[in-house]
Structures are given as C-alpha cells and as structure tokens.
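Notes for the one structure printed next.
The values are calculated or read from the model by the stated rules, or taken from the named source; none is laboratory data. Values in this document were obtained by computation on a predicted structure and should not be read as measured data. Note: ideal-geometry Cβ built from the backbone for every residue, glycine included; neighbour counts use all protein chains shown.
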Amino acid sequence: MPITYSPKVEALRARLADFMAEHIYPAEEALFAETALATGEDRWKPHARLEEIKQKARAAGLWNLFLPDSEYGYGLSNEEYAPLAEIMGRSPFAPEAFNCSAPDTGNMEVLVRYGTAEQKERWLKPLLAGEIRSAFAMTEPNVASSDATNVTTEIRREGGEYVINGHKWWISGAPDPRCRILIVMGKSDPANPDRYKQQSMILVPLPHPGVTIKRALPVFGHDDAPHGHAELIFKDVRVPAANILLGEGRGFEIAQGRLGPGRIHHCMRSIGCAERALERMMRRLQSRVAFGKPVAEQSVWRERIAESRCMIDQARLLCLQAARLMDTQGNKAARTEISMIKIVAPNMACKVIDWAIQAFGGGGVADTWLTMAYTLQRTLRFADGPDEVHRDQLARTELKRLDNTDPARTGAWPQVIVADGVSAPGLPA
C-alpha cells in the first residue's frame with residue numbers, strides 16, 4: 001500500500017523541499033567552510049548565514065513545525081510531522097533553520113506539557129521565537145546513565161531555593177553562547193523506596209556562576225562547534241524553588257514524556273539522511289568507470305543499492321507506525337515501537353552512509369557531508385538510550401508477550417523428554 005499524506009502535509013512537503021533547494025543546499029558549502037575555518041572562541045559564534053536563512057524560513061511560515069496537539073506552531077501530529085522531519089534530515093543545517101532542532105524541540109515539548117505559565121512566558125516564548133537555545137542535562141560520566149535512575153546529581157531544597165551539585169557530560173548545545181536555559185535531572189529524594197520517584201527536573205538559567213563548562217567534548221576528534229557537547233560541573237547552583245518542573249519526584253515521568261518524541265524525531269531525520277546518502281552514492285557510481293564499465297553496473301553495487309532501498313523503506317514504515325501509535329494511543333503505549341525504530345533507523349543510516357563512503361573511494365573519508373552524516377548517525381546509537389538498552393527492553397516485552405500466548409492456538413510443538421531428562425521440542429509424526 002503506497003504511503004500517502006494529507007493535502008496539508010503534501011503542501012508543506014512541497015514548500016519545505018523548495019526552500020531547501022533555494023536556501024539550504026546552496027549554502028552548505030559556505031557553512032561547512034565557516035565551521036572549518038573558525039578558530040579559538042570564534043568557532044562558537046552562530047553562523048551568520050544560517051541566521052539569515054532562519055529569518056527567511058520564519059517569514060515563509062516554515063517555523064516550529066513540531067509540537068503535536070498544541071496551539072503552538074502548526075499543531076501537526078507525529079505522523080504528519082514525520083515526512084517533514086525526513087526532508088530536514090537531509091542537511092545538518094536544516095533542522096535549526098526551521099527551529100526544529102534537538103535538543104530545543106524536546107525541551108520546548110517539556111515546557112509545553114509540564115511548564116507553569118511563568119516558565120512558559122520566560123523560557124518557552126523565546127525558544128519558540130528562536131531568540132535563545134537550550135540544553136538537557138541528564139547524562140553523567142561516573143554512572144551508567146543509560147539507566148536514568150542512576151543519576152547522582154543532587155537537587156536539595158533549602159528554603160525558597162533548590163541547591164544543585166553534580167557532574168554532567170554530553171550536554172548537547174550547552175557550549176553554544178545562545179544557550180540560556182538548562183533542564184537538569186537529578187535526585188531530590190534518594191531515600192525514596194520507589195526508585196522512579198527519586199528524581200526531579202529543574203530549570204537552571206545560563207550563564208550561572210555555579211555552572212562551569214569544563215570542556216567541549218570531541219566527537220570523532222571534532223568539538224562539533226558551534227553547537228557542541230559540554231562537560232558541566234554544578235557547584236552549589238542556587239535557583240528559585242519555582243524552577244522545579246511539575247513537582248519533586250516527577251523527573252522520571254517527565255523524562256519518559258520527553259524522550260519518546262525526541263527519539264522518533266531523530267529517526268525521522270535519519271531516514272532523510274540515508275535517502276540523500278543513497279542518491280549521492282548512485283550518482284557517484286553512475287559517473288565512475290572501473291574495469292571497463294560503469295561501477296553502477298557491477299553486481300556488488302547493484303546489490304547494495306537494492307539493499308539500501310529495502311532498509312530505508314522498512315525504516316520509514318516502522319517510523320510511521322510508531323508515530324501513528326503515539327498519536328492514537330499515547331507515547332507510553334508506543335514505547336515498544338519507539339524502541340524498535342530507535343534501534344533500526346540509526347543502524348540503517350550508518351550502513352547506507354558507509355556504503356556511500358565506500359562508493360566515493362578515498363574521497364569518501366574527505367567528503368564533508370558524508371563524514372558529518374556518518375558521525376551524527378553513529379552518535380545517535382548512544383543518544384536517547386543506547387541500542388543495547390532498547391534491545392533489552394524490546395526482548396523483555398516479547399518474552400512477556402510469549403507468556404500470554406496459548407501454545408495450543410499458535411501451533412507450538414509440545415516438549416518431550418529425551419535422554420538424561422533434557423527437554424527438546426517434539427517432532428511431528
């Protein structure tokens with residue numbers, strides 16, 4: 001059955017694709033060069049050219065396309081947003097150009113869902129306007145943060161304030177000078193017998209005298225400026241008690257609400273990234289001749305082209321399935337499908353991009369777009385939960401499903417006893 005979209009979404013897809021062709025793709029070379037040539041503190045300055053493109057996108061009405069079931073932006077569902085995010089995923093600069101980039105989208109969703117009127121006025125409005133940026137501080141270097149209950153950062157109430165002490169890292173966007181607000185996850189009640197109610201989330205404005213950027217962490221040898229990923233030290237950071245989100249002990253609940261949409265947005269963009277990698281790979285293969293014929297006519301590359309198409313389309317369908325479940329049954333009900341697409345999409349994109357790099361030969365490892373795309377997709381296998389955690393959760397869900405299945409209704413072979421009391425599947429007569 002072909003994938004079809006509503007007339008509203010088709011119109012937005014066309015407008016978005018036209019804008020990308022007119023403004024984003026032609027600017028990529030200059031934006032890449034600006035990043036490569038910047039040195040010292042200058043490398044953290046926002047791209048002036050990208051800021052101009054952002055103003056054009058906002059004027060064109062292509063702004064804040066995310067936020068399902070909200071009065072903000074277009075109010076698109078997750079399923080409607082998916083093909084738009086896919087288009088944005090074709091360029092590393094596009095999500096920011098449309099104010100649809102991580103971690104801001106997830107943070108804005110948190111403020112929309114859980115923020116007070118005052119918090120929305122102070123932080124959500126300038127984020128929606130693209131006037132500031134934000135970061136989400138959960139991961140820590142000294143514990144396995146793939147289990148969010150492990151976080152050790154202390155959030156302690158003192159009168160009308162909370163005091164925060166801790167050590168965070170891989171805080172994407174924190175080195176950006178436009179980053180003005182952190183959502184910090186820590187433990188406010190470590191003695192609570194319910195390990196999922198020990199955590200809270202709190203808003204920390206930046207700059208703050210108690211928050212120190214220890215360093216910008218390298219990703220495959222690069223600091224990913226001007227966005228960056230920071231290692232942060234929190235030393236006696238005092239913020240008003242009103243900065244707590246939703247209430248003490250609600251941090252894990254907020255994290256689950258935030259990470260579902262964040263994960264699937266990444267996967268939507270991964271599909272677009274893989275599509276562009278496949279297109280570039282095929283053009284390269286058609287233009288090169290080896291051993292007397294175009295490389296595109298050689299069997300190994302035809303096999304890779306075909307396999308890429310299968311993998312991309314499979315990932316797209318799984319992503320749309322997860323998005324529809326989120327829209328119709330809620331993020332919690334769709335957590336299995338979200339885990340599946342979070343496993344599938346970055347791994348699929350890594351494979352397709354890797355083949356594209358191979359198709360370009362030695363030039364593949366020097367191609368700026370390909371290497372940045374691969375770096376991003378490989379990093380996504382850690383972000384918002386590593387592959388192993390999602391696979392574990394998925395396997396546990398499947399085992400529970402099996403426990404609720406009647407073997408007599410599914411054709412399972414009976415168990416028979418063989419030598420030494422060892423069980424083995426029975427064989428049909």
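What the table shows:
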| read-out | value |
| --- | --- |
| Unique residue being assigned to a helix (DSSP H, G or I) and without any contact (Cβ under 8 Å) to a residue 40 or more places away in the chain when the list is R122, R113 | R122 |
| Residues (among the polar types (S, T, N, Q), within 14 Å of V204 (Cα to Cα) and buried (at least 21 other Cβ atoms within 10 Å of the Cβ)) located in region 101-143 | N107, S134 |
| Residue within region 366-382 that is more than 20 Å from the chain's Cα centre (by Cα), within 26 Å of W301 (Cα to Cα) and crowded, with 22+ Cβ neighbours inside 10 Å present | no |
| Residue within region 83-96 that is of a type in the set (S, T, N, Q) and within 21 Å of G228 (Cα to Cα) present | yes |
| Long-range neighbours under 9 Å by Cβ, at least six apart or interchain, first residue in the same structural domain as H265 (by TED's automatic domain parsing) and within 19 Å of S172 (Cβ to Cβ) within region 376-404, second aromatic (F, W, Y) and buried (at least 16 other Cβ atoms within 10 Å of the Cβ) | F382/W170; A383/W170 |
| Per-region count, region 235-255, residues at pLDDT 90 or above, aliphatic (A, V, I, L, M) and either part of a loop (DSSP other than H, G, I, E, B) or crowded, with 19+ Cβ neighbours inside 10 Å (or both) | 6 |
| Enumeration of residues in region 166-193 that are outside any strand (DSSP E or B) and of a type in the set (S, T, N, Q) | S188, N192 |
| For N142: the one exception among (1) assigned to a loop (DSSP other than H, G, I, E, B); (2) touching a residue at least 12 places away in the same chain (Cβ under 8 Å); (3) closer than 30 Å to Q55 by Cβ | (3) |
| Considering residues of region 283-312 that are touching a Phe, Trp or Tyr at 6+ places or on another chain (Cβ under 9 Å) and among the hydrophobic types (A, V, I, L, M, F, W, C) only, the residue farthest from C350 (Cα to Cα) | V295 |
| Only one of R215, R178, R156 that is among the basic types (K, R), under 19 Å from Q119 (Cα atoms) and either without any contact (Cβ under 8 Å) to a residue 12 or more places away in the chain or in contact with a strand residue (DSSP E or B) (Cβ under 6 Å, 6 or more places away or on another chain) (or both) | R178 |
| Evaluation of C273 against (1) of a type outside the set (S, T, Y); (2) within 24 Å of N347 (Cα to Cα); (3) touching a strand residue (DSSP E or B) at 6+ places or on another chain (Cβ under 6 Å) (one fails), failing number | (3) |
| Any chance A102 is within 27 Å of A57 (Cα to Cα), at pLDDT below 95 and either part of a loop (DSSP other than H, G, I, E, B) or in the same structural domain as I171 (by TED's automatic domain parsing) (or both) | yes |
| Check on P83, touching a Gly at 6+ places or on another chain (Cβ under 8 Å) and at negative phi | no |
| Of all residues making up region 55-86, the number that are surrounded by fewer than 19 Cβ atoms within 10 Å (Cβ to Cβ) and not in a loop (DSSP other than H, G, I, E, B) | 4 |
| Residue list for region 256-275, filter: over 18 Å from N78 (Cβ atoms) and either without any contact (Cβ under 8 Å) to a residue 12 or more places away in the chain or surrounded by fewer than 23 Cβ atoms within 10 Å (Cβ to Cβ) (or both) | E275 |
| Within region 2-25, tally of residues that are assigned to a helix (DSSP H, G or I) and exposed (fewer than 12 other Cβ atoms within 10 Å of the Cβ) | 5 |
| Any hit, region 46-56, residues being without any contact (Cβ under 8 Å) to a residue 40 or more places away in the chain and either hydroxyl-bearing (S, T, Y) or outside the structural domain of A85 (by TED's automatic domain parsing) (or both) | no |
| Sole residue being closer than 14 Å to R13 by Cα and of a type outside the set (S, T, N, Q), chosen from G73, G61, G40 | G61 |
| Criterion (in a helix (DSSP H, G or I) and either touching a Gly at 6+ places or on another chain (Cβ under 9 Å) or not assigned by TED's automatic domain parsing to the domain that holds L380 (or both)) met by exactly one of Y196, Y162 | Y196 |
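Rundown of residues vs (1) closer than 18 Å to G106 by Cα; (2) charged (D, E, K, R); (3) touching a Ser or Thr at 6+ places or on another chain (Cβ under 6 Å); (4) surrounded by fewer than 17 Cβ atoms within 10 Å (Cβ to Cβ), yes/no style:
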position	(1), (2), (3), (4)
I155	no, no, yes, no
E158	no, yes, no, yes
E161	no, yes, no, yes
G166	no, no, yes, no
G173	yes, no, no, no
D176	yes, yes, no, no
D194	no, yes, no, yes
M201	yes, no, no, no
